1. On a full-extension model of 0.36 nm per residue, what is the gain between Leu110 and Asn123, subtracting their alpha-carbon distance, rounded to one decimal in nm?
2. Tell me the net charge near His87. Cut-off is 9 Å between Cβ atoms, His87 excluded, with +1 for each Lys or Arg and -1 for each Asp or Glu.
3. Taking the alpha-carbon set of the stretch 54-174, what are its Rg and Dmax in Å?
4. What Rg and what Dmax come out for the stretch 67-132 when only alpha-carbon atoms are used, in angstroms?
5. Using a Förster distance of 22 Å, how high is the FRET efficiency between Phe67 and Glu163, based on the Cβ-Cβ distance and rounded to 0.05?
6. Exceeding 30 Å between C-alpha atoms, which entries from my cross-link table qualify? They are Lys75/Lys155; Lys104/Lys171; Lys61/Lys140; Lys75/Lys171.
7. Would you kindly state how much longer the chain becomes between Ala149 and Thr170 on full extension, computed as 0.36 nm times their sequence separation minus their alpha carbon distance, in nm to one decimal?
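Only the coordinates and a few stated rules stand behind these numbers; no lab work does. From a predicted model like this one, the values you see are computed outputs, not experimental measurements. Here the Cβ is made from the backbone with ideal geometry for all residues, glycine too, and neighbour counts use every protein chain on show.
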Amino acid sequence: MASSTVEPKLEKKEEEVEPEVGENPTGDDEDTGAPVAPIVRLQEVAVSTGEENEHVLLDLKSKLYRFDKEGSQWKERGVGTVKLLKHKETGKVRLVMRQSKTLKICANHLVLPTMSIQEHAGNEKSCVWHAADFADGELKDETFCIRFASVENCKAFKEKVEEIAESQQTKSGESEEAGAAATELIEKLSVESKDKNDKPEDKESPAATEEKEDKKEENADEKN
């Protein structure tokens with residue numbers, strides 16, 4: 001009988017690769033704990049928003065639209081936060097809105113006594129008003145429409161603007177009354193001063209002057 005030979009199976013061993021010099025065999029980044037200094041050092045810069053001297057009366061998220069007269073349509077101005085800011089010294093209140101991401105100014109104008117705000121027809125979450133706006137660096141007559149996420153926010157915004165406009169009207173009336181009183185007082189003082197200047201001075205008549213001179217001459221003759 002012929003004997004059958006069975007060749008043994010040889011197990012293949014993975015080739016062992018020795019790591020190169022400086023290479024981490026585990027593949028993990030090695031933390032030496034040494035401090036790493038930044039390549040470029042940035043200095044802190046103070047950024048002024050122009051709102052440092054103002055109190056925030058209202059702060060709400062909203063979306064603003066501007067009416068394009070040429071195209072006769074509403075155009076989106078931006079999505080962000082609308083604020084009502086009161087100046088600490090002058091007491092004047094302005095409406096300011098900035099875009100959320102870029103912080104670009106969408107609206108910037110004073111809340112004047114003549115400002116009238118109304119609910120947008122067919123939408124309880126929107127209001128419309130007209131104002132002389134300075135958002136683009138120059139005064140422009142603009143018609144705005146603002147939309148809020150809820151009816152409550154829209155109502156709060158509308159009521160606050162109306163309250164401010166009314167208070168500005170009261171202050172304006174008081175200033176006019178004070179100005180009128182001051183003007184009246186100045187006119188009165190001017191009239192009294194004029195009367196004093198126009199009052200004739202007490203002067204001797206020419207006849208009395210001549211009589212005194214004659215007496216002086218007579219006295220001189222008697223002495224001689």
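1. 2.2 nm
2. It works out to a net charge of +2.
3. Rg then Dmax for the stretch 54-174, in Å: 13.8, 43.
4. Expressed in Å, the Cα Rg and Dmax of the stretch 67-132 come to 13.5, 41.
5. 0.30
6. As for pairs spanning more than 30 Å Cα to Cα, those are Lys104/Lys171; Lys75/Lys171.
7. Here the segment from Ala149 to Thr170 would lengthen by 4.3 nm.
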